[in-house]
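Comments concern the structure below.
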Amino acid sequence: MSSLQPVRGTHDLLPEAMRRHRAVIDTAREVAARYGFQEMATPIFEFTEVFKRTLGDTSDIVTKEMYTFAMGAGKGSSADEEGATITLRPENTAGVARAFISGGLAQQVPVKAFYAGPMFRHERPQKGRQRQFHQFGVELIGVAQPQADIEVIACGAHILEALGLSDAVTLELNTLGDPDSRTAYREALVAYFSAHHDSLSEDSRDRLTRNPLRILDSKDEGDRKLVADAPLFEDYLNAGSRDFFAAVREGLESLGIAYRLNPRLVRGLDYYCHTAFEFTTDRLGAQSAVMAGGRYDGLIETMGGPATPGVGWASGIERLAMLLAEDIPAPRPVVVVPVGEAAQATALTVAQDLRHAGFVVELGYSGNLKKRLQRANKMNARAALLFGEEELAAGNATLRDLDSGEQELVSLNSLAERLSRLA
């Protein structure tokens, strides 16, 4: 019988990997809080309609990648649950928007929220892309001015800087204009690609009538050649859209945040407008985006809520963790080693007192003194506390500095103070 393995597209976060994972999340939490964002969490599954409305019936995520299940009409089911389906969340902006509506937060705008947690997409696993993956994201809801776009981008740049990744990423920036500009650009794209209809891939021919902007994201080589000569969004922007984008750019420049204009950076869904951006890297192969976002002023209205502007981004935690320059070391513990049965009870008490004082403490459970100290060195312990009959009788412990090898007698009452002086 073969040994059990993780499901394809999932992975275990063993302690070393988890430390890198936590370093990303903890840094992002700390920085986002400085910008006034507050943490929230939504369920990992929603009614399927939440994602169909927000991601579009024809998107790859909805048609190919969602994990969707029928709800059982079990005892206590509500009328809403009868025959409904639920979907593991493939992203979290839709869940935050749904919570904004169902939680009655329209009277509390601006709402500034951040989240961290697992997402699920059924796609081909590869480096930096899993079927269960984790994202950190921020959403600023209720502010129509470009200052909101500047602030969420600045927050993202600050997080990347705090992680030591500023030199590893590039901010790519574009504008999608207002709805009028988008309509004009859509018409220009349809006219251009219709003239090359027979040269388009099958997927892009389907997108031509339903969502022509998504042709710009095509990975088909034939499509990409046509995209290279397609009309540019900037040529169809009205004055208001140009002014909005100019304000965003000026704000970023005033903060010293460098960016590169990418006129092919688009979002296919109609509720997106104005700013679109991605922080990309060349260090992860094909999976270049590590943080992506934009303005979605039409999203909440699309979901049945009041017309409410919003802007935000999401970042792949696994991808950021892969970019960290060094492994994150585990905390160096103090190892408590009782020598003889009489010292066991004292060792337990001392260990517990030191933990309450803020130290990481491991107990040397079994084996002779040599084996216990070898185990302490293997776990990179900073110090060992040895308890024998003589030490106990005098109310002392032997403190061994495992870096220098030096040791000294220390009163049990002074252990915390003495350990705090170890570098």
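One decimal place: the segment ASP178-SER199 gains 4.5 nm when fully extended, by the rule 0.36 nm per residue minus the C-alpha distance.
Remark: segment 334-419 is approximated by an ellipsoid whose semi-axes, taken from the C-alpha gyration tensor as √(5λ), come to 16, 15, 13 Å, largest first. Only beta bridges with both residues in the chain are counted; by DSSP, about 80 percent of them are antiparallel. Between ALA84 and ARG260, the simple spin-label model (points 7 angstrom out along Cα→Cβ) gives 4.5 nm. Taking 0.36 nm per residue of separation and subtracting the Cα-Cα distance, full extension of the segment from GLN344 to GLN5 would add 118.1 nm.
Taking all Cα pairs closer than 8 Å and separated by 6 or more residues, the relative contact order of segment 334-419 comes to 29 percent. Peptides 198-208, 290-300 ranked from most to least packed by the mean count of surrounding Cβ atoms within 10 Å: 290-300, 198-208. Quote to one decimal, in nm, the extra length available between GLU389 and SER366 on full extension: 0.36 nm per residue of separation minus the C-alpha distance between them. Using 0.36 nm per residue and subtracting the Cα-Cα distance, I get 6.6 nm. Other residues whose C-beta falls under 15 angstrom from the C-beta of GLY103 contribute a net charge of -1, scoring Lys and Arg +1 and Asp and Glu -1.
Its residue count N fixes a reference of 2.2 N^0.38 Å for segment 202-300, and the Cα radius of gyration divided by that reference is 1.19.
Our summary gives the chain a relative contact order of 15 percent, counting only alpha carbon pairs under 8 angstrom and 6 or more residues apart.
Extending 7 Å from the Cα toward the beta-carbon at both ALA106 and TYR192 defines two label points whose distance is 3.8 nm. Quick check: the angle from helix 15-34's long axis to the longest principal axis of the chain, C-alpha only, nearest 10 degrees? Between the helix axis and the principal axis of the chain, the angle is about 60 degrees.
Hey, of (1) 22.7; (2) 30.2; (3) 29.1, which did the structure itself give for mean projected area of the Cα convex hull in nm² when calculated? Matching the structure shown: (3).
FYI, it's all coordinate maths here, none of it is from the lab. Keep in mind the model is a prediction, meaning the values are calculated, not measured. For neighbour counting, all protein chains shown are included, and Cβ atoms are generated from backbone atoms with ideal geometry for every residue, glycine included.
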